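The values are calculated or read from the model by the stated rules, or taken from the named source; none is laboratory data. Quick caveat, the model's predicted, so the values are computed rather than measured. Glycine gets a Cβ as well: all are built from the backbone with ideal geometry, and neighbour counts include every protein chain shown.
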Amino acid sequence: MENLNAIIPGAVVALSPRVRRLTAPNPGMMTGPGTNTYIVGTEALALIDPGPESDAHLAAMLAAAGGRLRWILCTHTHLDHSPGARALKHATGAAVIGMRAPQHGNQDTQFAPDRVLGHGDVLDCGEFDLRGVHTPGHASNHVCYLLGQEKLLFTGDHIMQGSTVVISPPDGDMVAYLKSLEALLALDLVRIAPGHGHPIDNPHDEARRLIAHRLKREQKVVDAFAARNPATLDELVTIVYSDTAERLHAVARRSLHAHLLKLEREGRVSQHGERWQLLRRRA
């Protein structure tokens, strides 16, 4: 089992006899301790999320997986998760698997998968298999991978440990994100291996907690209009995220926008230029 000390980039940590974690040297506000790369298998190996372009991380992945690497899977094409696939494929010849990048947002537009693993599709790796679980919300092309033999779900940025996920329109979608969280409740899971942070036990409890957290934040959005209606995003963010450090408000503003777009689709708010207005419900 994992030692719950600080995550050290470059260190290989065994999560089970079949799964190891290697963290990229890209810690930061958006990435926490860094992007987690997972190596699965004992013979022919699969690697999930090769991370950003990094000579140091490439060397670490090659040292850990070496000539046994056969498959490189990416949960999505944000720049801290998929760009490392190119150099790793060049060095090993492993097949790259994932969904193609959308044409908007901060995406790795050079990502070129050899195979698109869609929802429910299974990658047969011999001693184990990985099943794609399409989980749009954080990114429209986000896919989690289920290791059925361990009931372990590799969640990329769908669920992270230690922080909530930013939902950044136009590619990020709060309606889709909540539906994707709800979809996890139907899966037989015992553990989550997130794209950032430590493994999470009690996956269903965590999914329910995140749904409740997002809906509580949504209610704060609605309540914020009592102070100003209509209001701009900048006016709302200081109220809705009053419990968040001001230095994070620029990032929080993106998720606030996603909440407002959800409320707009539900007919609860409307947008007029840069201002949003809460619509009064008829009795």
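Return yes or no: is Lys262 crowded, with 20+ Cβ neighbours inside 10 Å and either charged (D, E, K, R) or touching a residue at least 40 places away in the same chain (Cβ under 8 Å) (or both)?
Values: crowded, with 20+ Cβ neighbours inside 10 Å: yes; either charged (D, E, K, R) or touching a residue at least 40 places away in the same chain (Cβ under 8 Å) (or both): yes.
Spelling it out, Lys262 is indeed crowded, with 20+ Cβ neighbours inside 10 Å and either charged (D, E, K, R) or touching a residue at least 40 places away in the same chain (Cβ under 8 Å) (or both).
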Being charged (D, E, K, R) and outside any loop (DSSP other than H, G, I, E, B) is the filter here, so list the residues in segment 4-63 that pass it. Arg20, Arg21, Asp55
Cβ pairs under 8 Å, 6+ apart or interchain, first in segment 202-213 and closer than 15 Å to Lys151 by Cα, second part of a helix (DSSP H, G or I) and at pLDDT 95 or above, ordered by first then second residue, are Pro203/Leu184; His204/Leu184
Quick one: how many residues across segment 113-145 are part of a strand (DSSP E or B), of a type in the set (D, E, K, R) and either within 16 Å of the chain's Cα centre (by Cα) or loosely packed, with under 14 Cβ neighbours inside 10 Å (or both)? 2
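With Leu58, Leu15 as the choices, which residue is among the hydrophobic types (A, V, I, L, M, F, W, C), more than 19 Å from the chain's Cα centre (by Cα) and closer than 27 Å to His119 by Cβ? Walk me through how you get there before you give the answer.
Details: Leu58 fails: closer than 27 Å to His119 by Cβ.
Answer to the selection: Leu15.
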Consider only pairs whose beta carbons are under 7 Å apart and that are at least six residues apart or on different chains; among these, list those whose first residue lies in segment 44-68 and is assigned by TED's automatic domain parsing to the domain that holds Leu146 and whose second residue is part of a helix (DSSP H, G or I) and surrounded by fewer than 17 Cβ atoms within 10 Å (Cβ to Cβ). Ala44/Arg68; Leu45/Arg68; Leu62/Ala91
Among the residues of segment 54-76, write down those that are touching a Gly at 6+ places or on another chain (Cβ under 7 Å) and within 20 Å of Met99 (Cβ to Cβ). Leu73, Cys74, Thr75, His76
Looking only at segment 27-62, how many residues end up being under 10 Å from Gly84 (Cβ atoms) and not charged (D, E, K, R)? 10
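Just the residues that are of a type in the set (S, T, N, Q) and touching a Leu at 6+ places or on another chain (Cβ under 6 Å), please, taken from segment 251-269.
Keep residues of segment 251-269 that are of a type in the set (S, T, N, Q), which gives 255.
Listed by number, the list is empty, since nothing qualifies.
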Meets criteria (within 29 Å of Arg68 (Cβ to Cβ), of a type in the set (D, E, K, R), without any contact (Cβ under 8 Å) to a residue 12 or more places away in the chain and out of contact with any Asp or Glu (no Cβ under 9 Å at 6 or more places or on another chain)) for Asp129: no
